[in-house]
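Reviewing the structure listed below.
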Amino acid sequence: MSNLITRTITGAIFVILVVGSILLNHYLFSIVFFVFTMLGVAEFYTIVGKEQFKPQRNVGIIISAIVYIFAAYISIYNHTISLLLFLIPLLFIPFIIELFRNKTFPIANLSATLLGIIYVAIPLSLLNFIPNLSFEAGVYNKGILLGLFILIWTNDTFAYLVGVKFGKNRLFERISPKKSWEGSIGGLVFSMIAAYFLSVFYKELSCSEWIGMAIIIVVFGTLGDLTESMFKRSLNIKDSGNILPGHGGILDRLDALFISVPFVFFYLILIDLLKI
């Protein structure tokens, strides 16, 4: 089977899984992304652990699971978000554990452990709040969540297509030699068009608010892609894993989310506050 066919089939299954879980209900979406979070964190520690760093893999995975479960529980059952404050002490447990590990580079080990939580688990945990930013029991605005993924995929697709056809000026050659300004502009234009159509079908946000969200996703999604490329280049690897045939690892497939989701989250919170 050619790589293109493999990549297409894998991509289609991934999209069906994500879109299907969003459309069905909040519970299923949270479960699907809990699995993605665990796979992503484990994948992160695997690639980082191949270097001189020795992250606390099991501790990081457990803390990531607790962070995600807390976020999902609060978002679904409308518990006060202040419950997340109970997670703060968890972030300091790795410091205590590192005291007893007797490893050569404790600062690097702690940094790698905490980075797995901050870079992967926290952004994916925040996804649970996107469809219920009003924190009201029973609210599930699947249109906003679906729109977020549509905008990410639109940007990825058209940035690639326009870049292949017209790309001449490198966007960030030191990190990603193939990305171009032309491709990025193409991704932005088509994402804004997609945002307009989303505003027609999903009235939770106005047209201008959808377009604002598209701009944030294009800018920070691209930075997320570049960040993942920076990590892989520094570790001298092509893919973060091989769990997704033709696409690499979970981190490769979700890289645009890790930087963009926190900014989209606060953008939507700001919109909600301004409507009060």
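Rounded to the nearest Hz, the phi-derived 3J(HN,Hα) couplings of region 256-268 under the Karplus curve 6.51 cos²θ - 1.76 cosθ + 1.60 (θ = phi - 60°) are 5, 6, 4, 9, 6, 4, x, 6, 5, 4, 6, 4, 5, where x marks glycine and proline.
How large is the dipole of region 140-276 about the Cα centre if only Lys and Arg carry +1 and Asp and Glu carry -1, each at its Cβ, rounded to the nearest 20 debye?
Working: 13 positive and 11 negative charges, 67 e Å.
So the dipole magnitude of region 140-276 works out to roughly 320 debye.
Between PHE92 and ILE16, the modelled label-to-label distance comes to 4.9 nm, taking each label 7 Å out from Cα in the direction of the beta carbon.
The simple Förster model, with R0 at 51 Å and r as the Cβ-Cβ distance, assigns LEU274 and ASN102 a FRET efficiency of 0.45. For MET230, MET192, the sequence from fewest to most other C-beta atoms within 10 Å is MET230, MET192.
The alpha-carbon of LYS275 sits under 16 angstrom from the alpha-carbons of these lysines, leaving out residues fewer than 8 places away in its chain: LYS203.
Using R0 = 45 Å, the C-beta based FRET efficiency linking MET230 and GLU136 works out to 0.70. In this rough spin-label picture, where each label sits 7 Å from Cα along the Cβ direction, the ILE9-ASN169 distance is 4.2 nm.
Listed by chain and number, the lysines placed with their C-alpha closer than 27 angstrom to that of LYS178 are LYS50, LYS165, LYS168, LYS232, LYS238; residues fewer than eight positions away on the same chain are left out. Computed from point charges on the beta carbon alone (+1 for Lys and Arg, -1 for Asp and Glu), the dipole magnitude for the chain about its Cα centre is near 640 Debye. Could you derive backbone 3J(HN,Hα) for region 169-180 from the dihedral phi with the Karplus parameters 6.51, -1.76 and 1.60 (θ = phi - 60°), listing whole Hz in sequence and x where the residue is Gly or Pro? Result, ordered by residue: 9, 5, 6, 8, 4, 4, 9, 9, x, 8, 6, 10 Hz.
Taking amide H positions as modeled 1.01 Å from N, with prolines and chain starts lacking one, the residues under 5 Å from LEU171 and 5 or more places away or on another chain are LYS179, SER180, TRP181. Taking 0.36 nm per residue of separation and subtracting the current Cα-Cα distance, fully stretching the chain between SER206 and LEU28 would add 61.4 nm. Between region 178-246 and region 107-124, how far is it from one alpha carbon centroid to the other, in angstrom? Each part's Cα centre sits 22 Å from the other's.
Of all the C-alpha pairs in the chain, what % are more than 33 Å from each other?
Values: 8672 of 37950 pairs.
I get 23 percent for the Cα pairs in the chain exceeding 33 Å.
Based on C-alpha pairs under 8 angstrom that are at least 6 apart in sequence, the chain has a relative contact order of 21 percent. Across the options ALA159, ASN102, SER125, the greatest Cα extent toward the positive end of the charge dipole of the chain (unit charges at beta carbon of Lys, Arg, Asp, Glu) belongs to ASN102.
Read-outs throughout are calculated quantities, based only on the coordinates presented, and are distinct from any laboratory measurement. Because the structure is a prediction, the values reported are computed rather than measured. Quick reminder, even Gly has a Cβ in these numbers, built from the backbone with ideal geometry, and neighbours come from all protein chains shown.
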